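Below is one structure, written out as structure tokens, with a few remarks after it.
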Amino acid sequence: MVSTRSGRFEIDRRSLLRTGGLGAVSLAGVGLLAACSGGSGGAGGSGGGGGSLTFGSNASDPVPKKAYASFVSAFEKKSKDKVSTNVSDHNSFQDKITNYLQGSPDDAFTWFAGYRMQYIASKGLVGDVSDVWDKIGDNFSPALKKASTGADGKQYFVPNYNYPWGFFYRKSFWQSNGWEVPGTFDELVTLCKKMKTKGIIPIEFTDKDLWPACGTFDYLDMRINGYQFHVDLCAHKESWNSPQVKEVFDTWKELLPYYDPNAAGLTWQEGAQKLGNKQAGMMLLGSFITQQFTDATVLNDIGFFPFPEVKVEGTDAVEAPIDGLMLSKKGGQNQAAKDMLQFMGTGAGQLAYWKIDSSNIMTAKDADTSGYSAFTKELAGVIGEAKYISQFFDRDALPAMASNVLEPAMLNFLKSGTVNLANIESQAKTLYAQQ
């Protein structure tokens with residue numbers, strides 16, 4: 001993944017599984033990308049090749065950018081179609097997605113499953129790819145198809161990969177200090193106290209981009225109140241000003257003394273480097289964190305454990321967002337663009353990406369997983385054993401609720417240790433009433 005996970009919007013941004021242009025373009029110009037898609041010829045055997053399309057990508061970090069280039073190259077070789085790729089800064093792409101799709105968007109673009117996909121689909125801004133799913137549907141689990149389906153029952157998204165969130169750490173560092181993986185929240189706090197006496201940051205935490213804090217909120221809410229309450233809260237079927245949500249923040253407050261004191265000004269990439277350098281004991285993030293470890297010695301030393309138990313009812317859920325491709329409204333009329341999404345729905349397409357970015361888990365059933373390391377298999381197992389899969393707050397909830405309300409409130413909480421749940425609930429009522 002990617003420099004993720006902000007999917008903020010403007011309002012007018014894994015047994016589920018078998019177990020990345022625009023760089024110099026200003027924000028104001030994101031909606032003016034690639035006015036034309038070229039021809040409407042097809043690929044993948046349905047259009048004879050020779051067509052063309054444009055591809056808008058948020059994969060601006062080096063590893064996913066190279067991985068999508070590998071995928072595009074494999075598609076072009078197979079289809080004989082031509083793809084022009086436009087790469088935008090990851091967060092900027094999300095922030096301007098509505099303007100982008102209402103302007104002159106690319107034919108295909110990178111996006112996310114779940115509510116974020118459903119939202120832009122409900123606005124009529126994207127292309128229906130149900131006909132693509134007629135061809136690739138057997139290659140995905142029912143859960144993945146559901147995550148790719150809009151409120152109208154049509155499919156608008158094709159998965160590429162997903163990745164679990166959890167705690168990452170240096171195994172050798174832990175072994176040398178006699179630290180053991182915590183199974184409960186109380187054990188996590190006790191471990192943090194031990195780490196702090198060593199003069200290191202127990203939990204590396206970064207929130208310059210605002211979205212990283214959502215991962216901790218999601219896990220605490222699911223571990224305390226259960227998956228169903230969490231998704232209902234995201235949909236505002238539960239109140240923010242409730243004892244259940246108060247308990248989440250009260251519990252979270254116990255971890256604040258063990259976070260990086262500079263968290264508000266750090267990116268996740270900077271935090272990952274601190275973890276790799278043994279300046280921090282652990283870091284809660286998605287498995288894309290491993291993109292930052294280019295030294296094989298460090299990469300092979302990375303361990304993982306799911307967020308520990310807080311209350312028993314919440315241990316059956318894992319945060320494992322799904323990333324993939326969609327079509328703009330215009331792209332839905334371009335057979336070459338549809339064929340590229342069809343190629344993404346194959347093991348060959350996903351393998352072309354994964355060979356470069358192996359921090360994620362392929363989603364196609366026919367994907368060749370023989371190259372998975374023991375670590376990757378462990379990550380895939382965590383997803384496969386989960387009863388419930390959450391997408392991430394800024395994908396499971398109303399876009400403006402994430403970017404305009406919760407993310408700023410969490411940043412204030414990290415700084416002050418206080419949160420105004422009545423104010424969050426008041427804003428939620430206003431925003432959801434507008435839908």
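The values are calculated or read from the model by the stated rules, or taken from the named source; none is laboratory data. Since the model is a prediction, treat every value here as computed from it, not as a measurement. Cβ: placed from backbone, ideal geometry, glycine included. Neighbour counts: every protein chain shown. Remember, those area values only see protein heavy atoms, side chains included, never the ligands or the DNA or RNA. Shrake-Rupley method; radii C 1.70, N 1.55, O 1.52, S 1.80 Å.
List the extent of the Cα atoms of the stretch 260-374 along each of their three principal axes, largest first, rounded to whole Å.
51, 38, 33
Take the Cα of SER122, step 7 Å along the line toward its Cβ, and report every residue of the stretch 147-163 whose backbone nitrogen sits under 13 Å from that point.
150-153
Given Cα positions, please report Rg to Rh for the stretch 58-175, the hydrodynamic radius being the Kirkwood one. Present the calculation step by step, with values, prior to reporting the outcome.
Working: Rg = 16.7 Å, Rh = 16.4 Å.
Ratio of gyration radius to Kirkwood radius: 1.02.
Output needed: percent of Cα pairs per 5 Å distance bin for the stretch 96-153, bins running from 0 to the one holding the longest distance.
With 5 Å bins starting at 0, P(r) equals 4, 16, 29, 25, 16, 7, 3.
List the GluC sites (Glu not before Pro) in the stretch 135-237 that DSSP assigns to loop (not H, G, I, E or B) and whose Cβ has at most 13 other Cβ atoms within 10 Å. Which are they?
Details: sites: GLU180, GLU187, GLU204; in loops: GLU180.
Here the GluC sites (Glu not before Pro) that fit, given the DSSP loop and packing criteria, are GLU180.
Report D for the chain in µm² per second (integer): Stokes-Einstein, Kirkwood Rh on Cα pairs, 10 °C, 1.306 mPa s.
On the way: Rh = 21.8 Å.
My calculation gives 73 µm²/s for D.
Take the Cα of SER373, step 7 Å along the line toward its Cβ, and report every residue of the stretch 268-300 whose backbone nitrogen sits under 14 Å from that point.
276, 287-300
Tell me, what is the per residue accessible area of the stretch 74-162 in Å², probe radius 1.4 Å?
Values: 3230 Å² over 89 residues.
Spelled out: the 1.4 Å probe surface of the stretch 74-162, per residue, equals 36 Å².
Pop out the carbon and sulfur fraction of the accessible area of the chain as a percent, whole number, probe 1.4 Å. Write out the running numbers ahead of the final one.
Values: 7750 of 16060 Å².
Carbon and sulfur atoms account for 48 percent of the accessible area of the chain.
Hand me the tally of lysine pairs in the stretch 245-369: alpha carbons under 29 angstrom apart, and the pair either on different chains or 8 or more positions apart.
For the stretch 245-369, the number of qualifying lysine pairs is 12.
Please sort by residue number the GluC sites (Glu not before Pro) in the stretch 211-278 whose DSSP state is loop and whose Cβ has at most 15 other Cβ atoms within 10 Å.
Those satisfying the criteria are GLU254.
What is the gain in length, in nm to one decimal, between ASP152 and ALA348 on full extension, counting 0.36 nm per residue of separation less the C-alpha to C-alpha distance?
Numbers: separation 196, 0.36 × 196 = 70.56 nm, distance 3.00 nm.
The ASP152-ALA348 span can extend by a further 67.6 nm.
Could you work out Rg/(2.2 N^0.38 Å) for the stretch 302-435, with Rg from alpha carbons only? All intermediate terms of the calculation are to be shown ahead of the outcome.
Details: Rg = 19.5 Å, N = 134, 2.2 N^0.38 = 14.1 Å.
That ratio works out to 1.38.
Roughly how many debye, to the nearest 20, is the charge dipole of the chain about its Cα centre, given +1 on each Lys and Arg Cβ, -1 on each Asp and Glu Cβ, and no other charges? If you can, show how the numbers build up before the last one.
Details: 42 positive and 46 negative charges, 121 e Å.
I would put it at about 580 debye.
Within 10 Å of each candidate Cβ there may be at most 16 other Cβ atoms; applying that plus a DSSP loop requirement, which trypsin sites (Lys or Arg not before Pro) in the stretch 371-435 survive? Walk me through the numbers before you get to the answer.
Numbers: sites: LYS377, LYS387, ARG395, LYS415, LYS429; in loops: LYS387.
Counting only loop positions with at most 16 other Cβ atoms within 10 Å, the trypsin sites (Lys or Arg not before Pro) in the stretch 371-435 are LYS387.
How big is the stretch 187-266 by Rg and Dmax over its Cα atoms, in Å?
Computed over the Cα atoms of the stretch 187-266, radius of gyration and Dmax are 14.2, 44 Å.
P(r) of the stretch 355-405 in 10 Å steps, Cα pairs, percent per bin?
19, 38, 26, 15, 1
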